[in-house]
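Here is the structure we will look at, set down as C-alpha cells.
What follows is calculated from the coordinates using simple rules that are stated; it is not laboratory data. Remember, it's a predicted structure, so these values are computed and weren't measured experimentally. Note that we place each Cβ from the backbone using ideal geometry, even for glycine, and neighbour counts take in every protein chain shown.
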Amino acid sequence: MRTEQNEVEAKIFLRDCWIEGMVHLPQGGRLTDYLALAERQFIPVTNARVFRYPGDELLHEVAFLNVNKNSIQYIFPKLEQTK
C-alpha cells in the first residue's frame, strides 16, 4: 500500500558538503517529526545536488540519494527568496 506524500525542498548540511533536493514526507508530516523517527536511519532525497562545503562547487547530481541522519549537521526547508 502506497501512502500519500508531500515533497519539501530542503538544504542538508554535512561536515564537508551540503545537499539540496526533495525530501518526501508523509501527508501532513513535518520535517522535524520525520527526523525524530527512531526507525528511520536514512533520509531519502530525490533530485539531489551535492555541493562542496564551504563553498558551492557542484560535486554530484543524482536522481536519488540516501542521507544518514547521524551525518547531518543541520537541515532546513529551502525558502523562496524575496527581492
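For the chain, the direction-averaged projected area of the alpha-carbon convex hull comes to 6.5 nm². Averaging the sequence gap over all C-alpha pairs within less than 8 Å and six or more residues apart, then dividing by the number of residues, gives the stretch 5-77 a relative contact order of 37 percent.
Rounded to the nearest 500, what is the 222 nm mean residue ellipticity of the chain from helices alone, with -39500 (n - 2.57) per DSSP H run of 4+ residues and division by all residues?
Details: 1 runs with 6 residues, N = 83.
It comes out at -1500 deg cm²/dmol, rounded to the nearest 500.
In terms of the mean number of neighbouring beta-carbon atoms within 10 Å, the peptides 47-58, 32-43, 12-23 order highest first as 12-23, 47-58, 32-43.
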